[in-house]
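Trainee: The structure's right below; bear with me while I get my questions together.
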Amino acid sequence: MPPRDAANWTANPDDLTNLLQCLWERRSRIGDGGNWDQTVLNEAAVYMASLGTPEKGGPKTANSIDGKWKAVRKLHDFVLQVKQKTYVGASGWTYTDEGGFNVTDETQDAWKVFASAHPHFRPFATSGWPHFRIVNEIVPSRARGRFVFSAAAPQPASTQEEPETQPQSQPDDDDDDSSGASQPLTDWSQTNFGDSQPPNSDDHPQSQPPNSQPTPPTVPATPAAATKRPFSDDSDSATPWSNKRGRTSGPDALLFLGRSVQSVGMSIEKSFAQRESSAMSPTKKIKLARDLLMEDLAAGYISPLERTRLSIMFGRDVYAADAYAADDEGGLRAGVGRELLDPTPKNSFDYMMQ
């Protein structure tokens with residue numbers, strides 16, 4: 001059982017509302033992992049103490065606030081996964097902010113089975129979580145991947161403007177008036193743009209000897225390409241749609257395309273990979289849950305009788321073991337365990353996370 005002087009977050013629902021408002025005002029100071037440093041936790045503890053003596057339980061200390069925030073953040077992750085259709089086991093349900101899981105008389109039996117395996121969703125049968133929006137504004141964005149733009153990240157060298165004195169100007173520089181005096185377009189540009197002529201092919205007639213025969217505009221492009229793009233022969237670094245002025249053969253284009261498709265497939269596989277806990281075998285899930293039972297018994301969160309009953313239940317129902325092991329904090333697991341032993345239908349926010 002939790003200590004008598006432990007903070008109580010269910011007696012007064014306004015306690016959680018006030019805490020989230022305090023953290024929202026300090027959301028710019030949250031860490032990249034979604035956790036708070038000790039300074040913010042101490043400030044929140046002082047703020048909660050300024051609201052008066054708690055109706056029940058001890059004061060909201062920095063440690064209790066840290067534990068409560070982690071539980072709220074975990075619930076936010078669960079609700080977000082359901083809304084994004086990525087939560088394992090909730091494929092048949094539709095969640096909305098107004099109606100929660102929108103349980104009806106026809107889906108009541110299916111809901112009892114689902115809520116028994118996932119008790120953290122039990123309060124949201126017909127109404128959504130009222131704190132989802134403010135928590136969603138507090139937690140940092142989780143955008144990941146190679147193509148996510150970051151202003152703080154160094155940009156590729158090809159996007160930087162090169163001095164006019166350097167011969168290896170980028171293809172985009174050909175649209176500038178100053179590029180006409182540097183080098184003519186190469187045969188790659190002429191191949192891709194039909195019969196268009198280089199804009200600077202007639203700008204400097206004095207460069208031709210007086211008695212020499214005129215040369216086609218494409219002739220000076222051959223040495224220019226070697227000067228401007230000495231690295232264009234590196235076929236491993238180019239792609240068929242690259243802006244490098246080198247030609248790519250058909251087999252090389254197919255090879256590059258295959259590599260690109262494989263890279264996209266790997267990115268999608270990583271994005272939609274299941275959680276590590278869902279990949280565990282039923283035997284490992286049961287063992288993990290029973291190990292946590294022993295820890296919670298030693299910490300005083302559950303009684304010996306509750307540990308025995310839950311251990312027997314986990315051996316019969318692996319979903320119950322998975323639900324118990326989903327929380328990181330012993331007090332929260334104890335609340336889940338009691339709900340598994342003695343389910344109490346109750347559709348109110350006070351029921352969330354004992």
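Trainee: If you count only protein heavy atoms with a 1.4 Å probe, what accessible area per residue comes out for the stretch 1-103, rounded to a whole Å²? If you can, show how the numbers build up before the last one.
Mentor: Working: 5460 Å² over 103 residues.
Ligands and nucleic acids excluded, the result is 53 Å² per residue.
Trainee: Could you tell me the ratio Rg/Rh of the stretch 1-138? Both radii from Cα atoms, Rh via Kirkwood. Please list the in-between numbers first.
Mentor: On the way: Rg = 16.7 Å, Rh = 16.4 Å.
With Rg and the Kirkwood Rh in hand, the quotient comes to 1.01.
Trainee: Still on this structure: Could you list, in their original order, any pairs among LYS56/LYS287; LYS56/LYS285; LYS112/LYS285 whose Cα atoms are separated by more than 31 Å?
Mentor: Details: LYS56/LYS287 35 Å; LYS56/LYS285 35 Å; LYS112/LYS285 22 Å.
Long pairs (Cα-Cα over 31 Å): LYS56/LYS287; LYS56/LYS285.
Trainee: Still on this structure, I have one more. Within the stretch 1-113, what whole-number % of the accessible surface is contributed by carbon and sulfur, with the 1.4 Å probe and all protein chains included in the calculation? Mind dumping the intermediate values first?
Mentor: Details: 3100 of 6340 Å².
Roughly 49 percent, rounded to a whole number.
The values are calculated or read from the model by the stated rules, or taken from the named source; none is laboratory data. Nothing here was measured: the structure is a model prediction, and the numbers come from that model. Just so you know, the surface numbers come from the protein's heavy atoms only, side chains and all, with ligands and any DNA or RNA stripped out. Shrake-Rupley method; radii C 1.70, N 1.55, O 1.52, S 1.80 Å.
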